[in-house]
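Worksheet: one structure, shown below.
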Amino acid sequence: MEQLVRRASDLLGQTFGNGPQVVSAAPGRVNLIGEHTDYNEGYVLPCAIDRWTVAAVRPSTDRVWRVVSDAYPGEVVEIPLEASCDPQGPQWSRYIQGVLVWWLRQRGELPGAAVALTSNVPVGGGLSSSAALEVAIATALEGLTGQRLDPVQKALACQWAEHQYAGVPCGLMDQLTAVVGEADCAVLIDCRTNRFRPVPFDTQRYAIVVMDSGVRHELAQGEYAARRQDCQEAAAILSRSHPHVWTLRDVTITMLEEHRDQLGERLLRRARHVVTENHRTATAAAALVSGDYELLGQLMVESQSSLAGDYEVSCEELDLLVDSALGGGALGARLTGGGFGGSAIALVPAAQVGDLIATVQRDAKQQLGREIRVERVRPSGGATLIAAPHL
Ligand code: GLA
């Protein structure tokens, strides 16, 4: 992270002539298990990872944020500080605009600023680069103003930014993980109450390896919204006979069997994924607590087959990476995040990381005809202020 901080400070100085007053960082994430459950008020078990987005910020006296990012060299985006402004500017700057607008509406005035961003969270890689950016900005605002946000409120602010300003109807998992992640831990989140608790992950003996499929699916956003819609419809149908059903969190497998005909094939399969995934996630958290990594791995494999079969959010490349990892000694492997491309993860004994990486890289080269990024990530802490006048 030090290197990213140095680069952000240098970039700020080179572009705007002065160093930062506030520096914040927020991590990407992998999700061990609990996929497409967050917007159904279910359980998720993600980890923040040691990949970061860093924001170096220097307040100014005008009403504009001027932002430069090392991902888009030479481009300075101007974001006006207006609470009623529509989304504008390139897509990446809208995450920032959304967080600024939330703050102006909910928390009050902000100074203008010059901002430089650096990141090693790959964009579109399924590791939540957008949440890392939103949370890095919200954290910088805490540093600039000296006002602290409650962790859940902070995550909700960033989710609001993503819904309203980037047009992505995401759940809360990514933002909350980027805020509350803990070193060497996964976080079990109950997305009904937004309560969360760290669950230790034994990084001495086990490793998480990320395999980036390199696929950036154009349809992903529309398909994501369509899955949400399917889940809502399924819950609405079931609530006619079971009034206590509010979301798929309240649904059991028996209910699905009983109402097969009303649901129809597609909604039955979507709902079956969510109901079984919730169960797998609760079991996986217990397995992690008791140190049963074999069981955690098995549940990850079951999750993948449910995501590919019932939920239809995998793709050929992700399936291939998962199979390759399992063939190369992983205890479990599955896509992570929304799917349709992005990354898969593998759970592997730490001693076998090198072999696994070599196997997956070789298989990808042979079967996909290209090099892919395969690397170990470590469960890390959540967003942090590295420099601020109020620290
Ligand atoms: C994306 C969303 C999350 C979650 C996952 C699927 O990452 O941002 O809220 O819904 O997909 O589990």
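Every read-out reported here was derived from the displayed coordinates using simple, explicitly stated rules and does not represent laboratory data. In this text the structure is predicted, and so the values were computed from the model without any measurement. Virtual Cβ from ideal backbone geometry, glycine too; neighbours counted across all protein chains shown.
Pair-distance distribution of region 177-274: all C-alpha pairs, bin width 5 Å, starting at 0; shares per bin in whole percent are 2, 10, 16, 13, 13, 16, 15, 10, 4, 1.
Scoring 265-273, 200-208, 43-51 by mean Cβ neighbours within 10 Å over their residues and listing the highest first yields 43-51, 265-273, 200-208.
Amide H to amide H, with H built 1.01 Å from N, residue 332 comes under 5 Å of 347, counting only residues 5 or more places away or on other chains. Pairs of Cα atoms nearer than 8 Å and 6+ residues apart set the relative contact order; for the chain it is 24 percent. Compared with the dominant principal axis of the Cα atoms in the chain, helix 220-241 is inclined by about 50°.
Here the gap between residue 240 and residue 276, fully extended at 0.36 nm per residue and compared with their Cα-Cα distance, gives a gain of 10.8 nm.
Against the chain, whose longest principal axis comes from its Cα atoms, helix 260-290 is set at around 70 degrees. Taking each DSSP H run with n ≥ 4 as -39500 (n - 2.57) and averaging over every residue of the chain yields -15000 deg cm²/dmol at 222 nm.
Taking Cα atoms only, the orientation of helix 353-368 departs from the longest principal axis of the chain by about 80 degrees.
Label separation (residue 305 vs residue 104): 5.2 nm, computed from points 7 Å beyond Cα along the C-beta direction. Build a GNM of the chain with springs between Cα atoms under 10 Å apart, and of 289, 199, 313 the one that fluctuates most is 289.
Model label points for residue 78 and residue 202, set 7 angstrom from Cα along the Cα-to-Cβ axis, are 5.8 nm apart. For the pair residue 85 and residue 10 in one chain, pulling the backbone fully straight at 0.36 nm per residue adds 23.9 nm over the alpha carbon distance.
Residue-normalised convex hull volume from the C-alpha trace of the chain: 137 Å³ per residue.
Sorted ascending by nearby beta carbons within 10 Å, beginning with the fewest, 38, 184 become 184, 38.
What ranking do 244, 279, 259 get, fewest neighbouring Cβ atoms within 10 angstrom at the top?
Working: 244 6, 279 16, 259 20.
Fewest to most other Cβ atoms nearby, the residues stand as 244, 279, 259.
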